[in-house]
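**Q** To start, I am sharing the structure in question, which I have written as structure tokens.
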Amino acid sequence: MFIRRLPKFEYHAPSSVGEALDLLKTCGKEAKLLAGGTDLLLAMKKRAVKPSHVINLKGIKGLSGITTDASGITIGALTTVAEIYRSETVRDAYAPLWDAAAVMASPQVRTLATIGGNLVSAVPSADMAPPLMVLSAKAHIVGPSGERTCPVEDLFAGPSECSLGLGEILTHITVPGAKGKGAYLKLMRRAALDLALVGVAAYVDLDDKGVCRSARVALGAVAPTPIMAPEAKEILEGKILTAELAAEAGRVCGSVCRPITDVRSSLEYRCSMVEVLTKRALVAALDRSKEGGK
């Protein structure tokens, strides 16, 4: 596809969140926020979006980095996927998120793409979303009415439609301390550099006897937005997690997802692979629980 140069726009580089909010108030719907730029700049070259104003958030201190405290971790919205992949804390304690960072795009793109940008783009196949959802992550947002917090899954209003209001900015994501283990699996047509045909994140917290105290499964690329699968939770909790139980949860997830048929895959194939990947993700989480590590 022929890609043209960027259209003309006015460039802004605020040094604080307050200054960025003022610019958004002034520019209104004619403005777009720039984080990593891996989605926005490509869309601008294709003329899919033509903002009159581009507000670069990269110069604002405090919007990037991973910090740890007694309650869990905080990830700045401008933290790159590469930073997440390099984090030993994420790898050891929040494995589903590390898994997603490991298979997202290419190493070159991961050095630019941000966790906030991946979420706000709101594409159904967003790799960061399912892991954050099963880890009970919260999105922290500032806007004209002040600050607010919501579950990460509430950021998705529809395909490529974010729930952020006019003039709002996603500043960071908080993830509570994880007692259990999890995994994220991504089905692609190629081994790398591809969007997910299906993405499945699973998280389980097991007691000493292997009984599932809590469980969460989230699905990507199989509905208008990334979705939780509460039916799996009902099957898993209160029972000893085995491969057979994981397969049962997979069958249920395969029956409740709402994928489409497109040029990349059929509805039937996606439903079948949700079943397969859910079982595999739960078994991987079980294995990690037994190992006590990543």
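The values are calculated or read from the model by the stated rules, or taken from the named source; none is laboratory data. Computed from a predicted model, the values in this text were never measured in an experiment. Note that we place each Cβ from the backbone using ideal geometry, even for glycine, and neighbour counts take in every protein chain shown.
**Q** Quick one: in the stretch 249-281, which of the residues that are among the small types (Gly, Ala, Ser) and in a helix (DSSP H, G or I) is surrounded by the most Cβ atoms within 10 Å (Cβ to Cβ)?
**A** Just the residues of the stretch 249-281 that are among the small types (Gly, Ala, Ser), to begin with: 249-250, 254-255, 265-266, 272, 281.
Right, trim to in a helix (DSSP H, G or I) and you get 249-250, 254-255, 272, 281.
Numbers: Ala249: 25, Gly250: 28, Gly254: 22, Ser255: 11, Ser272: 14, Ala281: 30.
Out of the qualifying residues, it is Ala281.
**Q** When you look at Leu164, is it at pLDDT 95 or above, among the aliphatic types (A, V, I, L, M), surrounded by 21 or more Cβ atoms within 10 Å (Cβ to Cβ) and out of contact with any Phe, Trp or Tyr (no Cβ under 7 Å at 6 or more places or on another chain), yes or no?
**A** Judged against the criteria, Leu164 is not a match.
**Q** May I pose another question? Return the residue satisfying two criteria in turn: it lies in the stretch 126-151 and is free of Cβ contacts under 8 Å to residues at least 24 places away in the same chain and either of a type in the set (Asp, Glu) or in a loop (DSSP other than H, G, I, E, B) (or both), and of such residues it is nearest to Thr80 (Cα to Cα).
**A** Result: Glu147.
**Q** Let me ask another. Say whether the condition of being outside the structural domain of Ala126 (by TED's automatic domain parsing), within 29 Å of Arg189 (Cβ to Cβ) and not hydrophobic (A, V, I, L, M, F, W, C) is met by at least one residue in the stretch 229-238. If you could, list the steps in order and put the result at the bottom.
**A** Of the residues in the stretch 229-238, the ones outside the structural domain of Ala126 (by TED's automatic domain parsing) are 229-238.
Applying the additional criterion that residues be within 29 Å of Arg189 (Cβ to Cβ) yields 229, 231-232.
Going one step further and asking which of them are not hydrophobic (A, V, I, L, M, F, W, C), we end up with 231.
Looking for residues that are outside the structural domain of Ala126 (by TED's automatic domain parsing), within 29 Å of Arg189 (Cβ to Cβ) and not hydrophobic (A, V, I, L, M, F, W, C), one finds at least one in the stretch 229-238, hence yes.
**Q** Do we find that Ala196 is in a strand (DSSP E or B) and crowded, with 22+ Cβ neighbours inside 10 Å in this structure? Please lay out each step first, then the result.
**A** Working: in a strand (DSSP E or B): no; crowded, with 22+ Cβ neighbours inside 10 Å: yes.
No: the conditions fail for Ala196.
**Q** Hey, can you tell me all the residues within the stretch 56-80 that are in contact (Cβ under 8 Å) with a residue 12 or more places away in the chain and in a strand (DSSP E or B)?
**A** Asn56, Ile66, Thr68, Gly72, Ile73, Thr74, Ile75, Gly76, Thr80
**Q** If you don't mind, another one. Please indicate, with yes or no, whether at least one residue in the stretch 222-234 is surrounded by 15 or more Cβ atoms within 10 Å (Cβ to Cβ), part of a helix (DSSP H, G or I), over 23 Å from the mean Cα position of the chain (by Cα) and in contact (Cβ under 8 Å) with a residue 24 or more places away in the chain.
**A** no
**Q** Moving on. Please enumerate the residues belonging to the stretch 81-102 that are buried (at least 21 other Cβ atoms within 10 Å of the Cβ) and within 19 Å of Asp39 (Cα to Cα).
**A** Val81, Ile84, Ala100, Ala101
**Q** Moving on. Which of the numbered conditions does Asp207 fail, given that it passes all the others? Conditions: (1) within 30 Å of Asn56 (Cα to Cα); (2) surrounded by fewer than 19 Cβ atoms within 10 Å (Cβ to Cβ); (3) modelled with pLDDT of 95 or more.
**A** All conditions are met except number (1).
**Q** Another question, if that's okay. Among the residues of the stretch 163-199, write down those that are within 23 Å of Thr74 (Cα to Cα) and aliphatic (A, V, I, L, M).
**A** Of everything in the stretch 163-199, those that are within 23 Å of Thr74 (Cα to Cα) and aliphatic (A, V, I, L, M) turn out to be Leu164, Ile169, Leu170, Ile173, Val175, Ala178, Ala183.
**Q** Separate question: Being crowded, with 20+ Cβ neighbours inside 10 Å and touching a Pro at 6+ places or on another chain (Cβ under 7 Å) narrows it down to one residue among Met133, Met128; which is it?
**A** Working: Met128 fails: touching a Pro at 6+ places or on another chain (Cβ under 7 Å).
Checking each option against the conditions leaves just Met133.
**Q** For the stretch 13-50, give me the residue count where each residue is more than 21 Å from Val142 (Cβ to Cβ) and either without any contact (Cβ under 8 Å) to a residue 24 or more places away in the chain or of a type in the set (Lys, Arg) (or both).
**A** Qualifying residue count for the region: 7.
**Q** Considering each of Ser272, Ser266 in turn, give the residue that is free of Cβ contacts under 8 Å to residues at least 12 places away in the same chain, of a type in the set (Ser, Thr, Tyr) and outside the structural domain of Pro130 (by TED's automatic domain parsing).
**A** Details: Ser272 fails: free of Cβ contacts under 8 Å to residues at least 12 places away in the same chain.
Going through Ser272, Ser266 in turn, just one is free of Cβ contacts under 8 Å to residues at least 12 places away in the same chain, of a type in the set (Ser, Thr, Tyr) and outside the structural domain of Pro130 (by TED's automatic domain parsing): Ser266.
**Q** Scan the stretch 235-248 residue by residue and report those that are in contact with a strand residue (DSSP E or B) (Cβ under 9 Å, 6 or more places away or on another chain) and surrounded by 16 or more Cβ atoms within 10 Å (Cβ to Cβ). Break it down stepwise before answering.
**A** Start the filter on the stretch 235-248 by keeping residues that are in contact with a strand residue (DSSP E or B) (Cβ under 9 Å, 6 or more places away or on another chain), which leaves 235-241, 245-246.
Within the stretch 235-248, Ile235, Leu236, Glu237, Leu241, Leu245, Ala246 qualify.
**Q** Scan Val123, Val109, Val175 and give me the residue that is crowded, with 16+ Cβ neighbours inside 10 Å and outside any strand (DSSP E or B). It would help to see each step written out before you state the result.
**A** Numbers: Val109 fails: crowded, with 16+ Cβ neighbours inside 10 Å; Val175 fails: outside any strand (DSSP E or B).
Only one candidate passes the filter, namely Val123.
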